[in-house]
1. Give the residue, chosen from GLY9, GLY72, that is open to solvent by less than 50 Å² (accessible area, probe 1.4 Å), closer than 23 Å to PRO110 by Cβ and free of Cβ contacts under 8 Å to residues at least 60 places away in the same chain.
2. Just to be sure, is THR28 open to solvent by 60 Å² or more (accessible area, probe 1.4 Å) and either free of Cβ contacts under 8 Å to residues at least 60 places away in the same chain or in contact with an Asp or Glu (Cβ under 9 Å, 6 or more places away or on another chain) (or both)?
3. At least 2 residues that are of a type in the set (D, E, K, R) in each: list the strands (runs of 3 or more DSSP E) lying fully within the stretch 1-90 that qualify.
4. For residues in the stretch 45-69 being open to solvent by 50 Å² or more (accessible area, probe 1.4 Å) and at pLDDT 95 or above, which is farthest from GLU33 (Cα to Cα)?
5. Report yes if ALA101 is surrounded by 13 or more Cβ atoms within 10 Å (Cβ to Cβ), more than 21 Å from GLY12 (Cα to Cα) and modelled with pLDDT of 95 or more, otherwise no.
6. Condition check: part of a strand (DSSP E or B) and either among the charged types (D, E, K, R) or closer than 18 Å to ARG2 by Cβ (or both). Does LEU109 satisfy that?
Amino acid sequence: MRIAIPTVGKGGLDCERSGHFGHCDCFTVVTIEDGDVTAVDIIDNPPHEEGGCMRPVSLLADAGIDAIVAAGMGMRPMAGFAQAGITVLFEGQTPGVGDVARMAAAGELPAMGEEQACHH
């Protein structure tokens, strides 16, 4: 399973997680096998203006991502991720990418529901 974590800065497990996936600098992508993080890759995020919050949907779908971790998300990109077969996982408290990756690997993150979606 490949999970994308919106990231501030250069990317990697030692970075800070971005609170807004559409405005993040990059996505730290972790590969999880048997409950462990086995690989880490970085996908640069284009400027938010290029397709807005829907641009990351196609970017991550093209990269073969299975899930994204988000602190919040609008209904439009949430539906776009669902249509692309990418699960949106909810986590809004943990600032470190590595900690979020470990939580995802342990299966501790719930799927985001409409109640966590931003309605704007």
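1. On the way: GLY9 fails: closer than 23 Å to PRO110 by Cβ.
Testing whether each residue is open to solvent by less than 50 Å² (accessible area, probe 1.4 Å), closer than 23 Å to PRO110 by Cβ and free of Cβ contacts under 8 Å to residues at least 60 places away in the same chain leaves just GLY72.
2. Working: open to solvent by 60 Å² or more (accessible area, probe 1.4 Å): no; either free of Cβ contacts under 8 Å to residues at least 60 places away in the same chain or in contact with an Asp or Glu (Cβ under 9 Å, 6 or more places away or on another chain) (or both): yes.
Against the criterion (open to solvent by 60 Å² or more (accessible area, probe 1.4 Å) and either free of Cβ contacts under 8 Å to residues at least 60 places away in the same chain or in contact with an Asp or Glu (Cβ under 9 Å, 6 or more places away or on another chain) (or both)), THR28 does not qualify.
3. Numbers: elements: 2-8, 26-33, 36-44, 67-70, 87-90.
It comes to 36-44.
4. Ranking the qualifying residues of the stretch 45-69, first place goes to ASP62.
5. Numbers: surrounded by 13 or more Cβ atoms within 10 Å (Cβ to Cβ): yes; more than 21 Å from GLY12 (Cα to Cα): no; modelled with pLDDT of 95 or more: yes.
So ALA101 fails the test.
6. Working: part of a strand (DSSP E or B): no; either among the charged types (D, E, K, R) or closer than 18 Å to ARG2 by Cβ (or both): yes.
Judged against the criteria, LEU109 is not a match.
The values are calculated or read from the model by the stated rules, or taken from the named source; none is laboratory data. Here the structure is a predicted model, which means the values were calculated and not measured. Methodologically, a virtual Cβ is constructed for each residue, glycine included, from the backbone with ideal geometry; neighbour enumeration extends over all protein chains shown. The accessibility values were calculated without ligands, DNA or RNA, using every heavy atom of the protein model including side chains. Shrake-Rupley method; radii C 1.70, N 1.55, O 1.52, S 1.80 Å.
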